[in-house]
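The block underneath contains the structure these notes are about, expressed in structure tokens.
The values are calculated or read from the model by the stated rules, or taken from the named source; none is laboratory data. On a predicted model such as this, the values are computed, not experimentally measured, just so you know. A quick note on method: Cβ atoms are made from the backbone with ideal geometry, for glycine too, and the neighbour counts reach across all protein chains shown.
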Amino acid sequence: MILVFGRTGQLARALARAAPAAVCLDRAAADLAHPEACAAAIAAHRPAAVINAAAYTAVDRAEAEEAQAHRVNADAPAAMARACAGLGVPFVHLSTDYVFGGAGGRPIAPDAPTGPLSAYGRSKLAGERGVRAAGGVHAILRTSWVFSAHGRNFVTTVLRLSEARDALRIVDDQIGGPTPAADLAAACLSVAQRLQDAPALSGTYHYAGRPEVSRKGFAEAIVARSGRKVRVEGIPSAAYPTAAARPLDARLDCSRTEAALGLARPDWRAGLDAVLRELGIGPAREAQRW
Ligand SMILES: NC(=O)C1=CN([C@@H]2O[C@H](COP(=O)(O)OP(=O)(O)OC[C@H]3O[C@@H](n4cnc5c(N)ncnc54)[C@H](OP(=O)(O)O)[C@@H]3O)[C@@H](O)[C@H]2O)C=CC1
Ligand SMILES: Cc1cn([C@H]2C[C@H](O)[C@@H](COP(=O)(O)OP(=O)(O)O[C@H]3O[C@@H](C)C(=O)[C@@H](O)[C@H]3O)O2)c(=O)[nH]c1=O
Ligand SMILES: [Mg+2]
């Protein structure tokens with residue numbers, strides 16, 4: 001059995017769909033603010049593998065709650081990893097492109113130097129370090145711009161805004177790889193299985209959707225595919241001040257993931273069409289050519 005933390009989140013919902021036999025724990029069952037309770041949950045369930053899909057993901061709010069973000073994103077994953085190492089159970093943990101400063105101008109390899117710009121990024125980087133230090137069989141999967149039909153993500157945000165406005169102002173100097181939660185879930189399950197068969201595959205991997213796009217380009221695709229009549233105006237990040245700074249170019253180089261694990265990058269446009277169908281929004285214009 002696969003044990004999943006973060007039942008109500010985008011990724012965990014997709015994991016539950018893809019692996020109905022998985023046991024998914026929510027905050028009531030395992031609060032990551034209490035790391036030892038998470039370790040106890042692993043010992044109690046004695047799973048074949050653990051996937052941590054829970055995190056403090058409120059990037060801007062984390063600037064004022066860095067200690068809380070650290071507890072949830074660093075202390076809890078470290079405790080989970082230690083529990084898994086003690087039981088000899090593979091641990092799959094999610095991290096983010098926001099551990100990078102994003103100023104390099106080219107796709108970033110998994111072993112590249114990090115440099116988070118935000119409290120969220122710092123907390124996720126500390127989580128990576130704690131997982132590695134536990135020394136067990138593990139995979140850290142860095143991903144980016146995860147979206148689905150559920151919860152707060154860029155797709156649901158743009159759809160909500162496009163219902164209320166006839167123009168959106170979206171930054172066009174931040175580029176990345178949108179990642180469908182459904183594809184990310186499949187990748188996590190594949191990695192959890194591979195680690196059971198080949199512990200030496202332990203390591204840090206990049207897994208994000210393609211083609212890379214700016215936030216403005218992503219918003220244009222969302223608006224176009226949803227059939228909404230909304231103008232999307234490109235603006236510089238400086239014109240959209242936020243509490244947390246975002247990397248301008250933290251594109252993840254995913255080539256080693258494909259080589260080592262056989263996981264190709266998902267096409268986010270197909271993922272977007274699937275999400276819009278799930279939301280009953282469209283119809284996707286057949287004439288639309290990518
Ligand atoms: N979303 C994105 O764009 C990206 C996400 N990631 C990473 O991928 C993983 C999954 O992200 P995603 O599915 O989008 O996350 P979501 O924001 O959709 O969900 C986060 C989940 O974590 C849970 N959670 C938060 N705090 C606690 C806590 N104290 N105790 C227990 N559960 C808690 C939430 O529960 P509740 O509903 O109760 O708040 C929720 O179920 C995370 O590790 C994230 O950092 C990486 C890159 C991009
Ligand atoms: C809503 C909106 C956002 N933006 C900008 C703000 C910000 O710079 C950028 C992204 O906005 P959001 O806050 O929705 O996305 P954000 O919360 O930054 O998404 C991040 O989530 C965490 C969990 C991750 O790990 C990252 O990979 C990334 O996906 O878009 C606009 O320019 N116009 C808008 O109308
Ligand atoms: Mg956000």
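Just give me the residues in the range 143-159 being near ligand 2 (Cβ under 9 Å from one of its atoms) and either over 23 Å from residue 206 (Cα atoms) or of a type outside the set (Val, Ile, Thr) (or both), in sequence order.
144, 145, 147, 152, 153, 154, 157, 158
From the list 229, 216, which one is surrounded by fewer than 21 Cβ atoms within 10 Å (Cβ to Cβ) and touching a residue at least 60 places away in the same chain (Cβ under 8 Å)?
Within the list 229, 216, the selection yields 229.
Exactly one condition in (1) in contact with a Gly (Cβ under 9 Å, 6 or more places away or on another chain); (2) farther than 23 Å from residue 60 by Cα is false for residue 135; which is it?
(1)
Taking the range 213-269, which residues are more than 23 Å from residue 183 (Cβ to Cβ) and touching a Cys at 6+ places or on another chain (Cβ under 9 Å)?
Of everything in the range 213-269, nothing turns out to be more than 23 Å from residue 183 (Cβ to Cβ) and touching a Cys at 6+ places or on another chain (Cβ under 9 Å).
What do you reckon, is residue 224 closer than 23 Å to residue 160 by Cα, within 13 Å of ligand 2 (Cβ to nearest atom) and of a type in the set (A, V, I, L, M)?
In short, no.
Of the residues that sit in the range 8-45 and are of a type in the set (Asp, Glu) and closer than 17 Å to residue 78 by Cα, which one is farthest from ligand 1 (Cβ to nearest atom)?
Only one residue fits best here, namely 36.
Being touching a strand residue (DSSP E or B) at 6+ places or on another chain (Cβ under 7 Å) and more than 17 Å from residue 8 (Cβ to Cβ) is the filter; apply it to the range 31-50 and report the residue that is surrounded by the fewest Cβ atoms within 10 Å (Cβ to Cβ).
The qualifying residue surrounded by the fewest Cβ atoms within 10 Å (Cβ to Cβ) is 48.
Taking the conditions exactly as written (more than 16 Å from ligand 3 (Cβ to nearest atom) and either of a type in the set (Gly, Ala, Ser) or in contact with a Ser or Thr (Cβ under 7 Å, 6 or more places away or on another chain) (or both)), does residue 103 satisfy them or not?
yes
Check 55, 30 and return the single one that is in contact with a helix residue (DSSP H, G or I) (Cβ under 8 Å, 6 or more places away or on another chain), farther than 24 Å from residue 118 by Cα and in a loop (DSSP other than H, G, I, E, B).
It is 30.
Restricting to the range 106-163, count the residues that are outside any helix (DSSP H, G or I), among the aliphatic types (A, V, I, L, M) and crowded, with 22+ Cβ neighbours inside 10 Å.
Of the residues in the range 106-163, 5 are outside any helix (DSSP H, G or I), among the aliphatic types (A, V, I, L, M) and crowded, with 22+ Cβ neighbours inside 10 Å.
Scan the range 132-191 for residues that are within 16 Å of ligand 3 (Cβ to nearest atom) and β-branched (Val, Ile, Thr) and report the count.
Result for the range 132-191: 9.
Residues are listed down the side, and each one gets a yes or a no for (1) in contact with a Pro (Cβ under 9 Å, 6 or more places away or on another chain); (2) modelled with pLDDT of 95 or more:
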{"residue": "183", "(1), (2)": "yes, yes"}
{"residue": "215", "(1), (2)": "no, yes"}
{"residue": "220", "(1), (2)": "no, yes"}
{"residue": "223", "(1), (2)": "no, yes"}
{"residue": "228", "(1), (2)": "no, no"}
{"residue": "232", "(1), (2)": "no, yes"}
{"residue": "254", "(1), (2)": "yes, yes"}
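Among (1) within 16 Å of ligand 1 (Cβ to nearest atom); (2) more than 30 Å from residue 130 (Cβ to Cβ); (3) within 19 Å of the chain's Cα centre (by Cα), where does residue 188 come up short?
(2)
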